[in-house]
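> My questions will all concern the structure given below.
Coordinate-derived values only; no laboratory data. Please read these numbers as outputs of a predicted model, since none were measured by experiment. Note that each Cβ is placed from the backbone with ideal geometry, even for glycine, and that neighbours are counted across all protein chains shown.
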Amino acid sequence: MKQRTPVSEIMTKNIVSLTKSDDLEKAEMLFKRHKIKHMPVVSRGMIIGILSYTDLMRISYAETSSKAENTIESVVYNMFTIEQVMVKDVVTVSSKTSIKDVTKILAACEFHALPVVDNDTLIGIVTTTDLLNYYHKQF
């Protein structure tokens, strides 16, 4: 296993993102359509926050809904904005950060995704799933 492999080799480059003016119904639809769990919130290509599917579920009551699993009450979503729900103090890494260092950061923190930013521009995202897939291929 290479010690200094950059995260750019395993990060997702085709980023699905939101803006703070998007609504939570759009966020839910994107999470489900793309089968992802984290979405950066951007403004002019710069990251201003990150929204996780877990954040959305916390406010939606979807887990306790008696309706179909894919249906979430839009009334609940209308009570909050992306900006209110997203994490604003986002930890980021550069594309040159080693996979080893990314692993240390994610192991020590309570989140599961790191936006990859070069020159203040969002260029990718790396998740714990990306790391698990990388390490699995090593064995």
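> Across 10 Å bins from the origin, how do the percents of Cα pairs in the chain run, short distances first?
Here the calculated profile for the chain is 12, 41, 31, 14, 3.
> Nearest-5 percent of antiparallel DSSP beta bridges in the range 7-138?
Beta bridges within the range 7-138, antiparallel portion: roughly 90 percent.
> A follow-up question, please. Take peptides 28-37, 50-59, 4-13 and line them up by average Cβ neighbours within 10 Å, highest first, as a rough protection proxy.
On the way: 28-37: 13.7, 50-59: 18.2, 4-13: 16.3.
The packing order, highest mean first, is 50-59, 4-13, 28-37.
> Would you calculate a helix-derived [θ] at 222 nm for the chain, using -39,500 (n - 2.57) for each DSSP H run of n ≥ 4 and dividing by the full residue count, to the nearest 500?
Computed ellipticity for the chain at 222 nm equals -9500 deg cm²/dmol.
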